[in-house]
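Read through the structure below, which is laid out as structure tokens, and then see the notes.
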Amino acid sequence: MPTPSLTALPVRRLTHRDLTACADLSEDRGWPREEHKWGFLLSAGTGYGIDDPDGGLVSACVVTAYGPPGRPALGAIGMVLVAERHARQGIGRRLMRHVVSLMSTTPLTLHATPNGRPLYEELGFKTIGRAEMVCGRFTPGEPSSQVVTRAATAEDLTAILRLDEEVFGSDRTHVITRLPAFADRLRVAEDEGRITGYAAAWPNMDTQVVGPLIARDTETAKALLASLAAHTDRPLRTDIDVRHEELLTWVKARGLQSVAFNAVMAHGIAELPGDWRRRFAPLTVAAG
């Protein structure tokens, strides 16, 4: 049971002034500091945290809401962390209950590690899928794809947003419009002038994370991923829906290796909206 002092500590909204404390909390739990990602999530989403009376944060998480402002259709929960010195005292459970209560009837989703899954199940989340994290240096194969890819331009944004909402199943304008500043590369696939997919690669410590990866089909997803790999000398990392078996087999043949599996969980809905067949990888598991 948590001590009385911890039980009494309030949950508050986090701001960009808390960026260093969030990164410190990540480091405390053995995660990379990921300041670039924390900054993005605190801009596009809403952070919640519990202050430690001795300084820093006891716990933190971020909720990214999608859909009409004030009437979100979906909320993604990520970066749920509790300081090591306060672990296993019910602090994470308290923060999660607070967030679930605040979101009221809004459907929720998150990616859970094996360690976190029991807590989320206790709170009513159900496993609806799995994602496989793969990482490694991409080795190009013989060019055989007929899919045309190119760097995205400002003129592509309207078409990207339209495609993203159709595939994701909810409006993500406030997230996707931040991609050009957040990502190192943003590329589109094109067929006779029509955008059939798009993907971004963004820096995360010593890797380039590929996400979102949205494509008309597997060949288009392969072409986008290969085109991003061609513009970096860093290892690639991405989280692929395990239902995309062909893409997973292909990236492993190109040098990426399986790192971990996360459960895709949901609260209030039986499955995620949109079209999973064209949704190959999320921007980040922390944002759904």
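Tabulated data
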quantity	calculated
Unit charges on C-beta of K, R, D, E only; dipole of region 1-91, Debye	380 debye
Square roots of 5 times each gyration tensor eigenvalue, C-alpha, region 1-93, largest first, Å	23, 16, 11
Cα-centre dipole for region 1-159 with unit charges at Cβ (Lys and Arg positive, Asp and Glu negative), debye to 20	460 debye
Overall dimensions of the chain as given by Cα atoms, namely Rg and Dmax in Å	19.0, 65
Shape category assigned to region 146-195 from the gyration tensor of Cα positions, a/c cut at 1.5	oblate
Equivalent ellipsoid semi-axes - Cα gyration tensor, region 141-288, angstrom	20, 20, 16
Reference-scaled alpha-carbon Rg (2.2 N^0.38 Å with N residues) for region 89-174	1.63
P(r) of region 27-185 over all Cα-Cα pairs, binned every 5 Å from zero, in whole percent	1, 7, 13, 17, 18, 16, 12, 8, 5, 2, 1, 0
Normalised contact order of region 1-109, rounded percent, pairs of Cα under 8 Å and 6 or more residues apart	25 percent
Surface per residue (accessible, 1.4 Å probe) for region 149-265, Å²	42 Å²
Portion, in percent, of the accessible area of the chain that falls on carbon or sulfur, probe 1.4 Å	51 percent
Candidate aspartates and glutamates for bridging to K222, where Cα separation is under 17 Å - those fewer than 8 sequence places away on the same chain excluded	E132, E142, E190, D191, D239, D241, E245, E246
Dipole magnitude of region 124-179 about its Cα centre (Cβ charges: Lys, Arg +1; Asp, Glu -1), debye to nearest 20	280 debye
Rg followed by Dmax, in Å, when region 204-288 is reduced to its Cα trace	13.1, 42
Over the chain: helical MRE at 222 nm, DSSP H runs n ≥ 4 each giving -39500 (n - 2.57), nearest 500	-8000 deg cm²/dmol
Counting DSSP beta bridges with both ends in the chain, the antiparallel % (nearest 5)	90 percent
C-alpha center-to-center spacing [region 1-80, region 229-269] in angstrom	26 Å
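The values are calculated or read from the model by the stated rules, or taken from the named source; none is laboratory data. It should be emphasised that the depicted structure is a prediction, and the values quoted were computed from it without experimental measurement. Counting neighbours? That spans all protein chains shown, and the Cβs are built from the backbone with ideal geometry, glycine included. For the accessible areas, the whole protein counts, side chains as well, though only heavy atoms, and no ligand, DNA or RNA atoms are used. Shrake-Rupley method; radii C 1.70, N 1.55, O 1.52, S 1.80 Å.
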